[in-house]
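To keep things clear, I will list the structure first and then write my remarks on it.
Rule-based calculations on the coordinates, nothing more; no lab input. Everything numeric here is computed off the predicted structure, so don't read it as measured data. A quick note on method: Cβ atoms are made from the backbone with ideal geometry, for glycine too, and the neighbour counts reach across all protein chains shown.
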């Protein structure tokens with residue numbers, strides 16, 4: 001923040017209710033830390049907003065002083081777009097309030113909330129909307145990139161359930177975007193990332209879910225991985241929308257239902273949820289137990305919020321992370337050969353490869369109905385490099401890139417924008433697909449100078 005006068009900072013502090021943190025302040029170091037420890041950025045100012053007027057003041061301050069601007073929701077983004085060097089960070093993490101209208105089946109929730117905040121508020125009424133699978137993820141970043149998880153085959157992408165959003169634009173104006181107000185902006189927010197403003201509030205449609213659901217894990221030895229994946233492919237093609245099964249390959253954590261001899265050994269796990277009456281789900285999941293000789297399983301009826309947090313221990317903040325991702329319209333045997341080859345050489349105990357099952361309701365909207373375009377994706381694969389020590393960066397990143405290249409011939413060409421790392425600027429057009437040019441026109445309307453550019457950026461047309 002070269003030459004930013006103390007008087008200007010003092011004026012900003014006087015205008016906002018939240019805290020303005022400078023590098024010399026207590027709390028700055030912890031405030032600049034985000035989920036992915038490979039990101040080490042030093043903003044000049046972090047504004048911990050507590051009201052939308054705080055956000056307006058911070059946006060105006062960044063624009064008027066020519067400062068680089070980043071917006072932090074949950075701070076979970078793999079590319080580290082919640083932070084920037086030498087600029088200003090609008091930190092929404094103190095803004096988490098949720099309001100549920102159970103009779104209308106609607107929730108409004110602030111831009112700093114996590115999936116845990118959203119799930120807790122909605123599940124108190126036996127309601128939910130499709131979000132991701134890690135409860136510490138921010139609602140804002142997840143939604144703006146499209147959003148998918150355990151309920152998406154039944155109820156669509158997160159953006160398919162968005163009713164409205166309150167946005168602070170680059171001009172410092174607060175606008176409500178919906179199907180009837182600023183519909184072009186509303187279209188762009190549903191998959192166009194953080195390119196169009198700081199979203200301070202979301203409103204979602206809700207669906208009856210749980211509070212108890214049939215869910216859990218069935219674990220097979222890695223020696224049976226190819227056969228399990230082939231049977232998984234056939235199973236997924238016929239599964240009803242209520243049933244979602246993901247496949248995960250990694251070294252086994254010390255789960256109590258697995259024999260000790262398996263701990264730390266490579267496995268393939270099927271993670272499942274049935275989003276309807278558990279009794280109807282029981283016979284449907286039975287075939288998953290016969291794909292081979294299971295090492296163990298932990299499947300039963302449990303609270304939906306517990307299943308939403310089941311993977312949190314594998315995804316705690318503070319580790320070093322690097323991802324590579326492909327979309328697939330079909331899973332080919334050649335892909336399974338590449339998967340089994342690379343699971344054989346996992347560079348750390350925390351690395352994994354997962355296939356998230358989409359299909360169902362996610363494929364029904366037209367590709368141009370919202371900014372999220374990848375309606376042909378039946379599966380999203382994430383190659384998840386994860387490790388503790390910076391000395392292992394090259395090895396772990398190299399493994400993820402090599403497997404990404406080996407699996408590329410079988411992919412459908414698209415990519416989920418929220419899984420792009422900081423070094424994948426060349427894939428931004430691929431992430432937005434055929435909607436890129438329209439997004440660039442909306443960008444020109446709402447952010448002509450590209451103030452909101454710390455993201456997978458769309459240049460104004």
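Find how many whole Å separate the alpha carbon centroid of the stretch 1-40 from the alpha carbon centroid of the stretch 421-444. Here the two parts' Cα centres lie 30 Å apart. Does the stretch 310-461 classify as rounded, prolate or oblate by the C-alpha gyration tensor (a ≥ b ≥ c root eigenvalues; a/c under 1.5 gives rounded; else a/b over b/c gives prolate, otherwise oblate)? Judged from the Cα gyration tensor, the stretch 310-461 comes out oblate (a/c at least 1.5, b/c at or above a/b).
At an R0 of 41 angstrom, the distance between the Cβ atoms of residue 280 and residue 406 translates into a FRET efficiency of 0.55. Checking the a/c ratio against 1.5 first, then a/b against b/c, what shape does the Cα gyration tensor give for the stretch 52-121? Oblate is the answer for the stretch 52-121, as a/c is 1.5 or above yet b/c matches or exceeds a/b. Take every pair of alpha-carbon atoms less than 8 Å apart whose residues are at least six positions apart; their mean separation over the length of the chain yields a relative contact order of 16 percent. Summary value for the stretch 334-461: 23 percent relative contact order, contacts being C-alpha pairs under 8 angstrom separated by 6+ residues. Compared with the direct C-alpha span, the chain from residue 395 to residue 298 gains 31.6 nm at full extension, assuming 0.36 nm per residue.
Shape of the stretch 118-161 from the C-alpha gyration tensor: oblate (a/c of 1.5 or more and a/b not above b/c, with a ≥ b ≥ c the square roots of its eigenvalues). Approximating the spin labels as points 7 Å out from Cα along Cα→Cβ, the residue 332-to-residue 180 distance works out to 4.9 nm. As a proxy for reagent exposure, 429, 453, 401 were ordered by neighbouring Cβ count within 10 angstrom, fewest first; the result is 429, 401, 453.
Quote the FRET efficiency, to the nearest 0.05, computed for residue 60 versus residue 430 with a Förster distance R0 of 35 Å and r equal to the Cβ-Cβ distance. After rounding, the FRET efficiency stands at 0.55. Computed per residue of the chain from DSSP H runs no shorter than four, each worth -39500 (n - 2.57), the mean residue ellipticity at 222 nm is -7500 deg cm²/dmol. For the stretch 7-91, the relative contact order is 33 percent, taking Cα pairs closer than 8 Å that sit 6 or more residues apart in sequence and dividing their mean separation by the residue count. Of the residues 227, 407, 215, the one with the fewest other Cβ atoms within 10 Å heads the list, and the complete ranking is 227, 407, 215.
Protection proxy ranking for 104-114, 134-144, using the average of other Cβ atoms within 10 Å per residue and placing the highest first: 134-144, 104-114. The ranking of 72, 233 from fewest to most other beta carbons within 10 Å of each one's beta carbon is 233, 72.
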